[in-house]
Amino acid sequence: QDERTAQPTARSEELFDQAQRIIPGGVNSPVRAFGSVGGTPRFMASASGPWLTDVDGNRYVDLVGSWGPMILGHAHPDVVAAVQAAAERGFSFGTPSGGEVELAAEIVARVEPVEQVRLVNSGTEATMSAIRLARGFTGRDAIVKFAGCYHGHVDALLASAGSGVATFALPDSAGVPRSSAGETIVLPYNDLAAVEEVFAARGHEIAAVITEAAPGNMGLVPPLPGFTEGLRRVTREHGALLISDEVMTGFRCSPAGFYGLEGPYAAGPADLFTFGKVMGGGFPAAAFGGRAEVMALLAPAGPVYQAGTLSGNPVASAAGLATLRACTPDVYDRLGVVSRAVADGVADALGAAGVPHTIQWAGSMFSVFFRDGAVRNYDEAKAQDTDAFRRFFHAMLDHGVHLPPSAFECWFVSAAHDDEAVSAVLEALPAAARAAAGA
Ligand code: PMP
């Protein structure tokens with residue numbers, strides 16, 4: 001028999017009611033609203049290491065990790081110290097400062113093809129700016145993206161996006177001009193023949209192909225062997241740029257992101273990369289970078305305009321720098337151990353309960369699909385049992401494990417997930433798997 005812990009949720013419910021009156025949907029980013037799993041989102045009061053504590057005093061093992069940034073766990077002492085020290089020196093200067101140069105240097109040192117970077121405030125800004133730069137560099141307007149890849153809420157990229165858009169099954173977004181979505185060509189992921197066909201017909205119009213280095217916004221769908229390499233070859237043949245979005249994978253899959261696992265490619269690296277999440281350490285910081293020849297087109301050096309009042313913010317830069325510096329080989333080892341332990345536990349529990357499932361990987365990043373068989377693209381990702389996931393999610397939450405509230409998201413572990421936290425997850429799994437089975 002499952003003993004469901006009846007957690008108190010009065011304070012979260014009160015806050016959610018109030019929030020819904022003054023914030024659209026009660027949240028500042030859609031997927032937080034529990035839209036696809038139902039129920040009241042838990043309002044967090046504090047977090048430490050692998051643990052979240054909500055406003056009613058419930059404690060959860062955190063497998064969201066702020067959707068990727070918290071690779072060291074919450075409130076890591078080195079990062080707290082760096083943030084406090086930076087804050088005491090002032091919050092924002094509106095001038096260049098040393099911290100942003102150090103953060104840029106750390107990124108350039110880690111990801112070999114990135115010769116120059118520009119710091120921005122969100123992953124959305126990074127991909128938006130990379131696309132403008134690619135258009136400026138090539139003098140072309142069209143962009144190729146893949147169905148199920150999410151690159152932030154950029155107008156031109158909100159066509160067949162994953163993440164919250166997948167969760168809410170919106171084909172697109174209202175408010176996106178037909179003219180800007182009209183310059184976007186959406187193709188199925190992992191289908192190189194489709195890319196070759198489009199380039200054969202329209203190659204001279206295409207400024208860039210943008211792809212997630214290993215897509216994590218339709219669940220984790222890694223590139224098939226040769227796919228990324230093929231994108232590089234085709235784009236180069238037609239004078240288009242390749243943009244590798246490593247906002248989610250960057251500095252997580254390896255010290256050099258997914259590129260560090262799969263690259264270098266014989267056909268050469270992407271022209272531009274985008275980063276976010278881990279490199280901001282939980283603060284609003286992101287970046288785009290790449291070949292110096294392309295980056296040289298950015299203002300003030302060149303004609304492509306891009307700017308930001310808070311870009312390279314000293315406190316955010318200090319958090320990001322401290323986070324990257326603390327990402328030692330031990331941290332990556334621990335991420336691997338924790339994610340394996342959790343994923344093996346999930347596979348055992350779902351298997352024992354007879355629930356169809358597939359777990360897919362990119363380094364230590366993984367997601368669980370509630371269906372059998374390999375998932376290679378968005379259509380296959382959508383063919384899963386989201387009702388089973390909903391039951392599983394709530395059973396886990398009731399047992400003190402906070403999963404991402406959508407079947408289309410990666411599960412994010414941290415190096416602070418110690419044996420106690422991993423055990424708490426493993427103990428919650430059998431009952432949740434039975435709930436998923438509908439038992
Ligand atoms: N690109 C990818 C691959 C992402 O996963 C995300 C966010 N989940 C973004 C871009 C957008 O980043 P942000 O939410 O910081 O705007």
Inset, instruction - Select from segment 102-128 the residues that are away from the ligand (no atom under 16 Å from the Cβ) and free of Cβ contacts under 8 Å to residues at least 40 places away in the same chain and list them in ascending order. - result: Ala105, Ala109
Inset, instruction - Run down Gly239, Gly257 and say which single residue is at positive phi, within 13 Å of the ligand (Cβ to nearest atom) and in contact (Cβ under 8 Å) with a residue 60 or more places away in the chain. - result: Gly257
Inset, instruction - Report whether or not Ala104 is buried (at least 18 other Cβ atoms within 10 Å of the Cβ), touching a strand residue (DSSP E or B) at 6+ places or on another chain (Cβ under 9 Å) and in a helix (DSSP H, G or I). - result: yes
Inset, instruction - Evaluate the following for Ser92: is it at pLDDT 95 or above, closer than 25 Å to Phe283 by Cβ and under 22 Å from the mean Cα position of the chain (by Cα)? - result: no
Inset, instruction - Filter the helices (runs of 4 or more DSSP H) completely within segment 351-439 down to those with at least 2 residues that are modelled with pLDDT of 95 or more and small (Gly, Ala, Ser). - result: 386-398, 419-436
Inset, instruction - Using the structure shown, decide if Leu335 is in a helix (DSSP H, G or I) and assigned by TED's automatic domain parsing to the domain that holds Arg391. - result: yes
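If only one of Asp62, Asp54 is under 30 Å from Gln18 (Cα atoms) and crowded, with 24+ Cβ neighbours inside 10 Å, which one is it?
Result of the check over Asp62, Asp54: Asp62.
The values are calculated or read from the model by the stated rules, or taken from the named source; none is laboratory data. All figures in this text were calculated on a predicted structure; none of them were measured in a lab. Note that we place each Cβ from the backbone using ideal geometry, even for glycine, and neighbour counts take in every protein chain shown.
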